[in-house]
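The values are calculated or read from the model by the stated rules, or taken from the named source; none is laboratory data. Only a predicted model underlies this, so the values are computations on that prediction, with no experimental measurement involved. No Cβ is skipped: glycine too gets one built from the backbone with ideal geometry, and neighbour counts run over all protein chains shown. Calculation scope for accessible area: heavy atoms of the full protein, side chains included, ligands and nucleic acids excluded. Shrake-Rupley method; radii C 1.70, N 1.55, O 1.52, S 1.80 Å.
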Amino acid sequence: MNGLTKILKWLPLAAVVVLTGCGTISTMGKLESGAGAEASKMWDRWIEADGDIAVATTWERKVKAGLTVNDIEQVFAQISNERNMKSVGELPLSKELESRTGKKQKFLKVYSYCSPDTARLMVDFSPHMGAYLPCRLTVVERDDGLWIYTLNMDMMVKMGRKLPSPLKEEAWKVRETIYMMMDQAAKGEF
């Protein structure tokens, strides 16, 4: 990337900062340290994805060839149990579509998990966080195999307002658990 391209990439952000002035400066002092670097990573992913905000705000892993949905589900269950994350539901979308259409569908299923104590702390801190509950992992069958997607939880623990203790530590545990579930399930690490 040449110098002019780098400058042009950051121009919209610079304009926002200039236009919002003191409010931006005041807010920046309330953020977690490293929030700017995290925002920059998301910005880069957004640009690389031609503006697809879902790419910028999620993590993904390609599932190792030969692993099955059952293998993935076993890893999800093992890690969630070990780390005290409650399975709170599944949404078998491909099965639902098959029953509606009578046609075989590529696999698509959403798995939901929650730490009720952490959820309560988070919603007390910011009621809007309720929109992110529960934590979800989605297994998607694509032409090149199975993939696992989940929300980039670094937005919550690294990018926003400073989280007070014990919320910060509990939120970090949830972030680590979901990341571990995605990463280890994709590798088939039981």
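Annotation: extensible slack from VAL123 through ALA65 equals 17.0 nm (criterion: 0.36 nm per residue apart, minus Cα-Cα distance).
Listed values for the range 129-141 are Karplus-derived 3J(HN,Hα) couplings in whole Hz (6.51 cos²θ - 1.76 cosθ + 1.60, θ = phi - 60°), namely 5, x, 5, 8, 8, x, 5, 10, 10, 10, 9, 10, 8, and x replaces Gly and Pro. Which of rounded, prolate or oblate describes the range 146-190 when judged by the alpha-carbon gyration tensor and an a/c cut-off of 1.5? Verdict is oblate for the range 146-190. What separates the Cα centres of the range 30-49 and the range 79-98 is a distance of 29 Å. If the limit is 25 Å between Cα atoms, which of LYS106/LYS187; LYS86/LYS106; LYS86/LYS168; LYS62/LYS168; LYS41/LYS109 go over it? Violating the 25 Å limit, Cα to Cα: LYS86/LYS106; LYS62/LYS168; LYS41/LYS109. Remark on the range 105-181: hydrodynamic radius 13.4 angstrom, per the Kirkwood mean of 1/r across alpha carbon pairs. Using the Cβ of SER115 as centre and a radius below 15 Å, the other residues enclosed give a net charge of +1, where K and R count +1 and D and E count -1. Measuring only protein heavy atoms, the 1.4 Å probe finds ARG161 accessible over about 120 Å².
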